[in-house]
Amino acid sequence: VSDAGHTRWSEDLPAYVLGALEPTEAAAFERHLDGCRRCRAEVRWFEPAVATLPESVERREPPRSLRRSLMAEVRADAKGETPPPPARSRWFSRDILLRPAIGLAVLTLTVAAVAGYELGKGGGEGGASTEVMREHGVTVKMVREGNGGTLELANVRRMPPTKVLEAWVRRNGTMEPVPALFVPDRAGRASTMIADMAGVDAVMVTQEPQGGSEEPTSVPIVTMSIPR
Amino acid sequence: MAVRREKAERLADEELMPLVSDRDPEAFEVLYDRHGGVAYSLAYRIVGDRAAAEEVTQEAFISVWRSGARFDATRGSVRSWLLSVVRNRAIDFLRSKAGRAPKLVFDDDSALEQRPAAERTEEEALRRETAGEVRGALGALPREQSQVIELAYFGGFSHSEIAEILGLPMGTVKGRMRLGLEKIRAELAEGLA
């Protein structure tokens, strides 16, 4: 990387270590980081400063009820007393609910998904069909054409800079990731292509770390049943 | 197999993590007792509400219980990792509250000066000494530098949002972030020398 090129990236470096880059900026920065030893060294140098920021907060004694309820849940879980996930799908398993990547924003939207309602569906020319759902202000539109389809989301809330959206399809009871990762634009719109919809009976979207995941690590933002 | 509480207490955080991964409640309890206070304090600092801080902290620790295997010792301490989990959850919580502004405290000198409760171990004492240096370093920063760092780290705002909020050019925000972090880093390096 030239000095001029390095300077450009170096300007963004403090925002990166503070988690203050937009998702697309953070992704681009990480691509640069892979090939820039100077920036990697500078990130490592700054990390201790960022890591000690939480130590600067005013100390508050956590309520005893927090420890009690936390340990009760942990001990029950260790004994296998935690209720099994609902039979309808392992997509909604408690384990997924509690993984680190989960955001409460996602949780809120997922709860909303249960209360979501189908706005409409319709046929189209050439065998195209569209299903639309709305969940707490988030609009989900699935446009199917031929063997494939386009999943469109609107009014998606802002995401942490280190996260992307990943779509999943359920086929014959098995969950499969959709290869194309995506992020919402400033207007909250996001879309991805699903090349093969054959046999798919549900589609969902989760927030995942940059680069995506092999299996969902967060509660779905949206879940849509696909009529056969 | 679960280790006894007394044995777990003698283990370093990094030694506890494999036990947590093996679903040992005693090891997890020790981890919570060591870091639950600062985790809750951080959550409270970000979400600004007792009940929400409690919820965020519990969710964060449960996620650690469920995913302890994801801790990577080569990338930092258990405490830093755990606090990053708490911070991410708290920021997610803020963002999930439409229209709710993060709790931001720029001039809370009493907060910066307040010392934590009794020190339990030498390690904790050293950590708190370091924390005191950070508080000092943050407090010693020019307000315009501590402000952008707090907006980013505790508020969860991006640098472009901060530029908009403060009515500043993006380059100015970036420059202040760098100057502020460099001073904190220098303060830490000096403390270790």
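Counting just the residues of the stretch B:5-58 that are among the acidic types (Asp, Glu), surrounded by fewer than 18 Cβ atoms within 10 Å (Cβ to Cβ) and within 11 Å of chain A (Cβ to nearest Cβ), which one comes out nearest to residue A:70 (Cα to Cα)?
Here the residue is B:33.
Of all residues in the stretch B:143-185, how many are out of contact with any Asp or Glu (no Cβ under 7 Å at 6 or more places or on another chain) and in contact (Cβ under 8 Å) with a residue 24 or more places away in the chain?
22
Residues of the stretch A:160-185 being surrounded by fewer than 17 Cβ atoms within 10 Å (Cβ to Cβ), in contact (Cβ under 8 Å) with a residue 12 or more places away in the chain and polar (S, T, N, Q), which ones?
Matches in the stretch A:160-185: A:172 only.
All but one of (1) crowded, with 22+ Cβ neighbours inside 10 Å; (2) in contact (Cβ under 8 Å) with a residue 12 or more places away in the chain; (3) within 21 Å of residue A:158 (Cβ to Cβ) hold for residue B:95; which doesn't?
The number of the failed condition is (1).
Can you tell which of A:40, A:8, A:64 is in contact with a helix residue (DSSP H, G or I) (Cβ under 7 Å, 6 or more places away or on another chain), more than 10 Å from chain B (Cβ to nearest Cβ) and open to solvent by 50 Å² or more (accessible area, probe 1.4 Å)?
That would be A:40, the only listed residue that is in contact with a helix residue (DSSP H, G or I) (Cβ under 7 Å, 6 or more places away or on another chain), more than 10 Å from chain B (Cβ to nearest Cβ) and open to solvent by 50 Å² or more (accessible area, probe 1.4 Å).
Is it the case that residue B:150 is within 10 Å of chain A (Cβ to nearest Cβ), at pLDDT 85 or above, part of a helix (DSSP H, G or I) and open to solvent by 30 Å² or more (accessible area, probe 1.4 Å)?
Spelling it out, it is not the case that residue B:150 is within 10 Å of chain A (Cβ to nearest Cβ), at pLDDT 85 or above, part of a helix (DSSP H, G or I) and open to solvent by 30 Å² or more (accessible area, probe 1.4 Å).
All but one of (1) away from chain B (no Cβ under 14 Å); (2) open to solvent by less than 60 Å² (accessible area, probe 1.4 Å); (3) outside any strand (DSSP E or B) hold for residue A:196; which doesn't?
(2)
Can you tell me which residue among A:84, A:63 is closer than 25 Å to residue A:208 by Cα and either over 28 Å from the mean Cα position of the chain (by Cα) or at pLDDT below 90 (or both)?
Unique residue meeting the criteria: A:84.
Exactly one condition in (1) open to solvent by 20 Å² or more (accessible area, probe 1.4 Å); (2) assigned to a loop (DSSP other than H, G, I, E, B) is not met by residue A:21; state its number.
(1)
Go through the residues of the stretch B:125-141 one by one and say whether even a single one is open to solvent by less than 20 Å² (accessible area, probe 1.4 Å), modelled with pLDDT of 80 or more and within 25 Å of residue A:9 (Cα to Cα).
Yes.
The values are calculated or read from the model by the stated rules, or taken from the named source; none is laboratory data. Since the model is a prediction, treat every value here as computed from it, not as a measurement. When we count neighbours, we look across all protein chains shown, and the Cβ atoms used for this are built from the backbone with ideal geometry, even at glycine. Ligands, DNA and RNA are stripped out before the accessible areas are found, and what is left, the full protein with its side chains, is counted by its heavy atoms. Shrake-Rupley method; radii C 1.70, N 1.55, O 1.52, S 1.80 Å.
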